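Down below is the structure, laid out as structure tokens.
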Amino acid sequence: MRHRAFKDKLYPQFARVGKALASEKRLELLDLLTQAPRRVDALASETEMSVANVSQHLQALLQARLVETEREGMQVIYRLA
């Protein structure tokens, strides 16, 4: 019974990670974050995407627990988890 409960928690997380990695834009964001933590607007500028679009991609990476956030005043800084 405990084995099933473990699998029921594990497989959805694998699916979230797979979904997060299935986007070339999210892979590019992860690549940039391997170099240094960055703000959303900096990521948007470097990838030539809108801030809203980058934000949506970062939310998927956050749900997959691939990135973490940190607040600096009004700014949110993203870094690899």
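The values are calculated or read from the model by the stated rules, or taken from the named source; none is laboratory data. Here the structure is a predicted model, which means the values were calculated and not measured. Every residue, glycine as well, gets a Cβ built from its backbone with ideal geometry; the counts of neighbours run over all protein chains shown. All accessible areas refer to the heavy atoms of the entire protein, side chains included, with ligands and DNA or RNA removed. Shrake-Rupley method; radii C 1.70, N 1.55, O 1.52, S 1.80 Å.
Annotations
- Residue within the range 47-54 that is outside any loop (DSSP other than H, G, I, E, B), open to solvent by 20 Å² or more (accessible area, probe 1.4 Å) and within 28 Å of residue 11 (Cα to Cα) present: yes
- Given (1) in contact with an Asp or Glu (Cβ under 8 Å, 6 or more places away or on another chain); (2) open to solvent by less than 60 Å² (accessible area, probe 1.4 Å); (3) free of Cβ contacts under 8 Å to residues at least 12 places away in the same chain, index of the condition residue 38 fails: (3)
- Residue within the range 1-9 that is on the phi < 0 side of the Ramachandran plot and in contact (Cβ under 8 Å) with a residue 24 or more places away in the chain present: no
- Looking only at the range 1-33, residues that are open to solvent by 100 Å² or more (accessible area, probe 1.4 Å) and either in a helix (DSSP H, G or I) or in contact with a helix residue (DSSP H, G or I) (Cβ under 9 Å, 6 or more places away or on another chain) (or both) come to 9 in all.
- Close Cβ contacts (under 6 Å, 6 or more residues apart or on different chains) running from residues in the range 54-76 that are closer than 15 Å to residue 43 by Cβ to residues that are open to solvent by less than 60 Å² (accessible area, probe 1.4 Å) and part of a strand (DSSP E or B) comprise 58/78; 61/67; 67/78; 69/76; 69/78; 70/77.
- Qualifying residue in the range 66-79 (condition: assigned to a helix (DSSP H, G or I), open to solvent by less than 80 Å² (accessible area, probe 1.4 Å), among the polar types (S, T, N, Q) and under 30 Å from residue 10 (Cα atoms)): no
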